[in-house]
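Structure first, commentary second.
Nothing in this text is a laboratory measurement; each read-out follows from the coordinates by a stated rule. The shown structure was predicted, so the numbers you read here are calculated from the model rather than taken from an experiment. Neighbour counts are summed over all protein chains in view; Cβ atoms, including those assigned to glycine, are modelled from backbone coordinates with ideal geometry.
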Amino acid sequence: MAASNLVSRLATAAVGVPALLALMYLGPAWGFYVLVAVAGCVGAFELFSMTHPQDRVAQLVGVATCFATSACMYFLNRNALVMMTLLLVAPLLSMLVVLWRLGDIKTTALRVMAGTFGPLYIGGCLTTLALLRKDQPGFDGPGYVVLALGLAWASDTGGYFAGRYLGKRKLYEAVSPKKTIEGSVGGLFGAVLVAVVGHFWFLKSIPLAHAIVLAVVGALLGQLGDLGESLLKRSTGVKDSGAILPGHGGILDRVDALMITATVVYLYTRWVA
């Protein structure tokens, strides 16, 4: 079963990665944003299907709010008034939707919080990936995107193999029984390796020390993002967020760590680089 899942993952990556790289390096910035926005909408639908089960109207409102958040982040992120309005309107809209679609009174707090958190988390954090492509000149933009992707994927892959062959001590059994401390360390080494390769190959403008610190911080926080999604799925009784990607599950299953690493890398480019 594990071998079959690994083959499905590799096959999906073999098709998806070249297409993604071609879009990043050869396509327009807006084309990459369209891909990110679509992925965000699918991820939002998966999230609200977990938190708002059997309420299609509330799910679609959540997806629309997520897309609006993403569009504001991408096109109007330099307008402080727009960003402040977004932060203030999101919780109000979430409360109104729950009042409109009351449902089970025992889950209203969860749904209000999810309606506020979901658009900002998925729509905001995932859109930083497109902002990296848009805001950085020349080949640095795609390079930073590849770095963010690489940190998330290398941490996941390093953690998978280290955990499978060396894992003995549980990392956080109550949330994710299969994750181990050895896997977490393996993920860190994987991320650092990608950062070093990035410095010498596809993102030469980033200092090596900065790349390594980004790798450690991004990978650690990305692993926490992975655990956070596991916690959400476990609390709602869901094994995978979806089944859109063969061998990978849903969009959220693939971007839970990426949303964190992309945000960390984007904030680095805004505050440091």
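Under 14 Å from a label point set 7 Å out along the Cα-to-Cβ vector of residue 106, no amide N atom of the range 42-86 is found. Within the same chain, lysines fewer than 8 places from residue 179 are excluded, and of the rest, those with a Cα less than 21 Å from its Cα are 168, 170, 233, 239.
First check a/c for the range 15-127, with a ≥ b ≥ c the square roots of the eigenvalues of its C-alpha gyration tensor; if it is under 1.5, answer rounded, and if not, answer prolate when a/b is larger than b/c or oblate otherwise. Mind showing how you got there, number by number?
Working: a/c = 3.41, a/b = 1.63, b/c = 2.10.
Since a/c reaches 1.5 but b/c is at least a/b, the shape of the range 15-127 is classed as oblate.
Placing +1 on each Lys and Arg Cβ and -1 on each Asp and Glu Cβ, with no other charges, gives the chain a dipole about its Cα centre of roughly 240 debye.
For the range 200-246, applying the loop criterion from DSSP together with a ceiling of 15 other beta carbons within 10 Å to the chymotrypsin sites (Phe, Trp or Tyr not before Pro) yields 201. Sorting the segments 173-185, 114-126 by their residues' average number of neighbouring beta-carbon atoms within 10 angstrom, most packed first, yields 114-126, 173-185. Over the chain, DSSP H runs of length four or greater, each weighted -39,500 (n - 2.57), average out per residue to a 222 nm ellipticity of -26500 deg cm²/dmol.
Quick one, could you list the DSSP H helices from the chain stretching 24 Å or more along their long axis (Cα atoms) with average Kyte-Doolittle hydropathy of 0.0 or above? If you can, show how the numbers build up before the last one.
Values: long enough: 2-26 (35 Å, 1.45); 29-51 (33 Å, 1.57); 56-75 (28 Å, 1.21); 80-100 (30 Å, 2.50); 140-166 (36 Å, 0.44); 181-200 (29 Å, 1.64); 208-236 (42 Å, 0.99); 251-271 (29 Å, 0.80).
Passing helices, by number: 2-26, 29-51, 56-75, 80-100, 140-166, 181-200, 208-236, 251-271.
Which of the peptides 71-77, 256-262 is most tightly packed, and how do the rest follow, going by the mean number of other Cβ atoms within 10 Å of each residue? Before the final figure, lay out each step's value.
Values: 71-77: 17.1, 256-262: 27.4.
The packing order, highest mean first, is 256-262, 71-77.
Listed values [x] 77, 44, 34; [y] 44, 41, 38; [z] 54, 46, 30 include one computed from this model; for Cα extents along the principal axes in Å that value carries the label [z].
Using a simple spin-label model with pseudo-atoms 7 Å out from Cα toward Cβ, residue 172 and residue 19 lie 3.2 nm apart.
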